[in-house]
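Trainee: Here it is, the structure, as C-alpha cells.
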Amino acid sequence: DKTGTLTRNEPTVIEVATTAGATRERVLSLAAGLEAASEHPLARALIGAATQSSLSPAEDFEAKPGFGVAAVVDGRTVLAGNPGLLADAGVAPAPDLAGRMPGQTVIHVAIDGQEAGLIAMRDEIKDSTPPAVERLHDDGISIVMATGDAPGPAGQVAETLGIDDFRAGVKPGDKLALVEELQRQGRLVAMAGDGINDAPALASAD
C-alpha cells in the first residue's frame, strides 16, 4: 500500500482549480463540509484548508470505497472523489479543467451534477521508508506498490523509492487479486497496509 504505509498519511492541499462558475472558497467549503463526516486523511486536509466557520453539516452522506464520497451540503448535491465517481453519477468532465494538475493526487468536486473544481493534494514519503525499501531489496525481496492513487503521483513515489513495480488506480478488490496473481506465479507474498481497504489482501497474503 502507498498512503499511510510508504507515506506519512498527512496530506495537505497544495492547489485548487475551478470552473468559471465556481470559486476556490465555494469548492473548498462544500467539499470540506461533505468530508467532515468522513474519517479519511484527505478529509482532514480539506477541512484544514477551508474556513472552519463556513462549513455546513452534510446530509445523506454516502461513502463509496475506492471512488469517493457523496452528500447534500448547504442544499447542494456534492460529490468528491476520483473521475470514476463522477462518471458513475453521470457528471461530464468540465472542459476548462481537462489536463489540469497532471502528476498530482487530485480530488474531483461536482456540485449539483456539474464538475466544479479540482483539489490537488500532497503526501510526503516517511523518513523511514527509503531505508526499509533498501533493506528489503538487500534481502532479495521484490516490492510491488498497489494504490488507489492516480498513475502520475503513484509513479513518482515508486521512482523516488526505486520500487520494482506499481499498480495505480486499484480498488480494494484489485489488491486481493494482485496478491492471488503473484501467488499463482509461485511467489511467497507478504502484504503491508494500514487501511480497511487492505484487509482482504492482508488476509490472503502468506
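Trainee: Note the listed values [x] 134; [y] 155; [z] 116, then indicate which one is volume of the Cα convex hull per residue in Å³ calculated from this particular structure.
Mentor: [z]
Trainee: Let me ask something additional. Give, in nm to one decimal, the length gained when the segment between Glu124 and Ala63 is fully stretched (0.36 nm per residue of separation minus the Cα-Cα distance). It would help to have the intermediate numbers written out before the result.
Mentor: Numbers: separation 61, 0.36 × 61 = 21.96 nm, distance 2.51 nm.
Computed gain between Glu124 and Ala63 is 19.4 nm.
Trainee: Classify segment 99-138: rounded, prolate or oblate, from the alpha-carbon gyration tensor (a ≥ b ≥ c, eigenvalue square roots; a/c under 1.5 rounded; otherwise prolate if a/b is larger than b/c)?
Mentor: Working: a/c = 4.46, a/b = 3.85, b/c = 1.16.
The shape class here is prolate.
Trainee: Given a 1.4 angstrom probe, I'd like the percentage of the accessible area of the chain that is carbon and sulfur, rounded to a whole number.
Mentor: Details: 5380 of 10770 Å².
Carbon and sulfur together cover 50 percent of it.
Trainee: Classify segment 1-61 as rounded, prolate or oblate from the Cα gyration tensor: take a ≥ b ≥ c as the square roots of its eigenvalues, call it rounded if a/c is under 1.5, otherwise prolate when a/b beats b/c and oblate if not.
Mentor: On the way: a/c = 2.25, a/b = 1.44, b/c = 1.56.
Verdict is oblate for segment 1-61.
Trainee: Can you classify segment 3-122 as rounded, prolate or oblate using the Cα gyration tensor, where a ≥ b ≥ c are the square roots of its eigenvalues, rounded means a/c under 1.5, and otherwise it's prolate if a/b beats b/c and oblate if not?
Mentor: Details: a/c = 1.27, a/b = 1.07, b/c = 1.19.
Note, shape of segment 3-122 comes out rounded.
Trainee: If each residue of separation counts as 0.36 nm, what is the full-extension length gain between Gln114 and Arg24 once their alpha-carbon separation is subtracted? Walk me through the intermediate numbers first.
Mentor: On the way: separation 90, 0.36 × 90 = 32.40 nm, distance 1.53 nm.
So the chain would gain 30.9 nm between Gln114 and Arg24.
Trainee: Still on this structure: Excluding ligands, DNA and RNA, what is the solvent-accessible area per residue of segment 1-146 at a probe of 1.4 Å, expressed in Å²?
Mentor: On the way: 7430 Å² over 146 residues.
Using a 1.4 Å probe on heavy atoms only, each residue of segment 1-146 averages 51 Å².
The values are calculated or read from the model by the stated rules, or taken from the named source; none is laboratory data. What you are looking at is a predicted structure, and each value in this text was computed from that prediction instead of being measured. We work out accessible area using only protein heavy atoms, side chains counted, and drop any ligands, DNA or RNA first. Shrake-Rupley method; radii C 1.70, N 1.55, O 1.52, S 1.80 Å.
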